[in-house]
Every structure is written in C-alpha cells, then in structure tokens.
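A quick write-up on the structure given underneath.
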Amino acid sequence: MIVLGDVSKTYRTRAGQVKALDGIGLEIPAGEFVAVRGPSGSGKTTLLMVIAGMLRPSAGTVAVGGQDVFAMSQQERARFRARNIGFVFQMFHLVPYLNIAENVRLAARADGTDHSSEVPQLLDRLGLAGRATHKPAELSAGEKQRTAIARALLNRPKIILADEPTGNLDPENAGTVMKHLADFQQAGGTVVVATHGPAADDFATRVVSLRDGRPDEMK
Amino acid sequence: MSTVRMIFKELWHRKINFLLGVLAVTVAVAFFVAFQTAARASNRETARLMLSMGYNLHVIAWDADVGDFLMTGVANATMPESHLETLASQKNISYNHLLAVLEKQMIWRDVPVLVTGLAPEVCPPGRKKPPMVFQIEPGTAYIGYQVAVRLGIEKGNKIEIDGTQLEVARCLAESGGVDDMRIQCHLADAQQILACPGQISEIQAVDCLCFVEGADPLEMLRTEIGAILPDTQVLQAKSMADARARQRQMVFKTFAVMVPFVVIACGVWVGVLAIMNVRERQTEIGLLRALGYGAAKIGGLFLGKAMLTGLLGALVGFGAGATLALVFGPEIFRLTARTTVRPEAVVLLQSLAAAPLFSIVASFVPVMFAVSYDPAATLREE
C-alpha cells in the first residue's frame, strides 16, 4: 500500500515559489491501477517522484509497503526503490550505448539479485525477442517504451510508476503499453500512471485528477 | 553488466568525446614530457655552456699575496699537492671539477713565458663529470700561440726547459689572452722544471651553489673549504659565478613556471570535457539513480572513464612529447643534444602515474556534482 499523508512540495524558481503538491492525502492499496490525470504543471510527475522516494516533499509523509520512505538513508532508499519500484518514463530513458537486452539487464544489476536470466522471456512476452541486440536508436517509439516496461518489470517490483508512458506513442502502441501495465496489475502489482489524457482510464481501477497540486477523485 | 564493460561501451558510443578527452591529456602529457626532457637537457646544456666560462673558484696558499695573485693571476706561494686529494675526497661539498695547478713566470730562450703544470682534473665522490680542460700527458707540452710563433715551435718538436725534455703535443690557436704566453705541461713535469716537488700553487674549481637563494656563496665556500684546508685562502671570480648562477636559475625558473601552467590549462580542458560529458549524460545518471544505482557505482562509471582517458593520454602523450624533444632538441641544445635529449623512463612512469590521477581529479568535481544532482530534476519532463 502507498500512503501519502498531507504531502506538499514547493519548488523555488527565479520567478518565486511554485507549489507543485499542496497537502495531498492519498491511499493506494496494493493491486490497484491508479491513473493520475491533470494538465501539464499540475504536479503529476512530482507526485510519482515523491512516491518513488526520489524527491523529498517539503512537508508530509510517504509510506510504501508500510515503510516511511524518507526515514531511510539515501542508500537504503535506492536499494528499496530497486527492489520494489519499477519506472516507466514518457521519454523512455534508455541508455543509448547499450542494446535492448543490456538496457533491461541494467535493472537487475541495480537490484543486486540477478534476474538477468529472465530477460529473453521478458523480451519475448513484450514482442521484442528479435530486437535484443539492437540499440535504442534502431527501435520505434513503441518498441522503446516496451523495452522500458521490460526493464521496469525485470526485478518483479511490487509497484510500477509510469510517467506519461503513452505520451509519445500512437494509439495502437499506447493501447499495447497500457495492456502490459494492466497485465502487471492483474498479476497483483500496483500501477500508478501519470497522464494528461484519458489513455489510462479504460484500464484504471481508480482515476485521480490533479489540479494545482490538489487531488480530486474522478472514478 | 560490469562497470568496465559499460565504460567501454560508452567510450565506443561517444568516440569523439573520448578522443577529445584523450587529446587533452595527450597535449598535457606531451608538453610535460617535452618540457621535462627539454628542461633536463637545458640544464645540462646551460651547465656545459657555463663551464666553458672556466673555473670560478681559486684556492691558494695562506701565505700567498692575494693582491699579487689578483694582478698577475699567479700565486707567489705554494702548498702541498696532497691538498687536492684532501678536497677531492670530501662528500657533500659545494664544488666540483678540481684542478691542481703549479705555475710560474720565467724567461725561456729570451722570451717571458708562463710555465703551467696541470694535474688531471678530479671530481669528489659521486660527482664524476667530463673534464673541463684538456688532459696533458706526462712528457708532453701544449705551447701558447705567441710562444710558438716567436720561437718557431711546431707540433712534434722536442723542447728542453731547465733540463726537462718535453715533446710538443699541440701548438694552441691564438686566444688573445695570457694563454698565448703559456707552456702547459703535466703537473709532475712542471714541478721538475720549477724545482717544486710535491707542490702546487693553486687549486681551481667550479662552485655548485647556483640554486642557493639568499645566501652568500663565497662565505659558504670559505667556511666549507676553510674547515678542510685551514692553511689556504679561497677566492671567487664573482661576476663569472653570478652570471652562471643567474643563467641556471633563469632556466630552472622558466620551466618551473611553464610546466604547471600547461598542466593546469590542460586540467581545465579535461574538466570542461568532463562537465560536457556529464551534462550530456544527465538523463542517464537520473535513470541509474531511479533504478537504484548508488553514487559510488555511477561515480565509478565516470571516474573509470577518466582513468582510461588518462592512461591512454599518458601513453600517446609520452610518445608525442618524446618525439617533439628528439626532433627539436638537437636544434636547440647543440652541444649536449646527442647525449642528453632522450626519452626518459622515469618521465614515462611519472606520466603513467600522474595522467590518470590528473584526469580523475579534473573530472572529480563535475562527476560528484552529477551523482549528487537531483535525479527527479532530470527525469521530470512534464
């Protein structure tokens, strides 16, 4: 379960202070597929980063699986993230000098437990079996995002956080990506997807709308 | 995947960045090697050039008249020849190139000549250097230009001076100085001619106090030699010694200033390249942090690359620097180039040790900045 207790996050910019999250209280039980919707600048990505323990909130508490994320040291948090959380980004963020199989394997190394033997199966499941030795530059956007999902899935995380995972994809590929995330949820995982459109609505068990850093339940 | 494999894959992917980094280190090392080689050669060349100015230190007998010596250049009292051995056997002293001399003016075949007996030059222990003057074999003589012209003496002639037979080994070229009136022979022959067995009139030497700042070299030498040979006086050709010291100090300081300047400039270059590399890879760093990689592992990727850059730069730079020194050295250091301008193993070792370290240090700040940078900031793309 993910529990956010009155979480606020304020950025300091040249133009002044910007409140990205404004006192959010949110509980996401294990096994849910939550779509966080909102326009650009509404705080969706900040919310995911806070849940992942990558961005310390200005106020409030974040607990994942019963553990206070920001009570851990930076090293403990990194290890916790590697074991429990998979990330999928809008821009894929694949390492350009590694091939697809190596990109997926990166996650295994970070975790410390070796799941790399599962890479071929995972690539096969995501329709990337013939692309294992290709570099990211040789892949289509849909293939890149599926690689990112494979990387997120490799360590068998409990949670997947996806930030606009379909933002750069055509509708067909967007649907494929959402289906893979839904498969993960149906297998017992928790999915939190940040998106500005309705792409995830059909798959989500719950939709949270975010506006000016405040949540508003929609579904 | 191991860190090393990732480093090599990244190097291959960003070849230009890597090659620019290697080039920066290569330039730094090449300058360092060329300067080091040139500095050593320059010091030796300068020393050789300064030596050609002659001996600047004179040790004469305590009872010799200094005023007379300064006016005539010849000491009017003698001292035991063993003084030479006493001085030459000392360790940790500030002089070198010791030459025992016995000389006296006399009239020979109605011509005033200066008979000069020279012992083979000796050096104190561990300071062996090639002699500054020619070594005269016993039974032979070198005849000054004016003496040879006036008396019609030629090479190979047999001459007799006060009962001592000598063969003329050389007739010297005109010097325009007192050497033109000399008859130079071995010390033993001069002692026989001048009836001074076991005696010398002077020990000539070169002082080695070029790099003592703020001290009075003559005072130091008088204290040092006075303690060894209390029955002597020490005189120094100060202008000659000062010119020698200033020239050597100038060469030393020139290189001491230039080498750090070049190394710092190249360090900044490597640092800037490291910053560019880090900026280019900020997303990758953010991703690795998001995946749970620690700062040490991420830092290892960048610092490992810096080390490889340094190692390769050191090897290429040493080759380039040594080549520069070998090509241009002989043009610059004409007297000593053949023996002194050469690639030096110690400089290679210094380069191999220093360049990777230098590269790591130059990259350290941007890398540490990168690994401590908020990964969320790089991955947030709303």
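Just a few scattered comments:
- Selection of helices (runs of 4 or more DSSP H) fully inside region A:77-196 by the criterion of at least 1 residues being of a type in the set (Gly, Ala, Ser) returns A:100-111, A:141-154, A:171-186.
- Of the criteria (1) out of contact with any Phe, Trp or Tyr (no Cβ under 9 Å at 6 or more places or on another chain); (2) at the interface with chain B (Cβ under 10 Å from one of its Cβ atoms); (3) open to solvent by less than 10 Å² (accessible area, probe 1.4 Å), which one residue A:86 fails: (1)
- Restricting region A:95-107 to residues that are within 8 Å of chain B (Cβ to nearest Cβ) and not charged (D, E, K, R) leaves a set whose member that is farthest from residue A:138 (Cα to Cα) is A:107.
- Test: residue A:156 is over 24 Å from residue A:80 (Cβ atoms) and basic (Lys, Arg): no
- Flag: residue A:4 matches the condition of being closer than 29 Å to residue A:174 by Cβ, open to solvent by less than 10 Å² (accessible area, probe 1.4 Å) and at pLDDT 90 or above.
- Taken over region A:1-40, the criterion of being acidic (Asp, Glu) and in a strand (DSSP E or B) is satisfied by A:6, A:22, A:27.
- Some residue of region A:108-124 being out of contact with any strand residue (DSSP E or B) (no Cβ under 9 Å at 6 or more places or on another chain), of a type in the set (A, V, I, L, M, F, W, C), within 14 Å of another protein chain (Cβ to nearest Cβ) and over 19 Å from residue B:298 (Cβ atoms): yes
- Pick from region B:188-232, criterion outside any strand (DSSP E or B), among the acidic types (Asp, Glu) and at pLDDT 85 or above, ranking: nearest to residue B:80 (Cα to Cα): B:231
- Of all residues in region A:145-181 being more than 17 Å from residue A:103 (Cα to Cα) and of a type in the set (Lys, Arg), the one that is surrounded by the most Cβ atoms within 10 Å (Cβ to Cβ): A:158
- Count of region A:47-69 residues which are free of Cβ contacts under 8 Å to residues at least 40 places away in the same chain and crowded, with 17+ Cβ neighbours inside 10 Å: 4
- Annotation note: of B:273, B:312, the sole residue that is closer than 23 Å to residue A:96 by Cβ, out of contact with any strand residue (DSSP E or B) (no Cβ under 8 Å at 6 or more places or on another chain) and open to solvent by less than 50 Å² (accessible area, probe 1.4 Å) is B:273.
The values are calculated or read from the model by the stated rules, or taken from the named source; none is laboratory data. Because the structure is predicted, anything quoted here is derived from the model rather than measured. Here Cβ is always computed from backbone atoms with ideal geometry, including for glycine, and neighbour counts include all displayed protein chains. These accessible areas exclude ligands, DNA and RNA; they are computed on the full protein's heavy atoms, side chains included. Shrake-Rupley method; radii C 1.70, N 1.55, O 1.52, S 1.80 Å.
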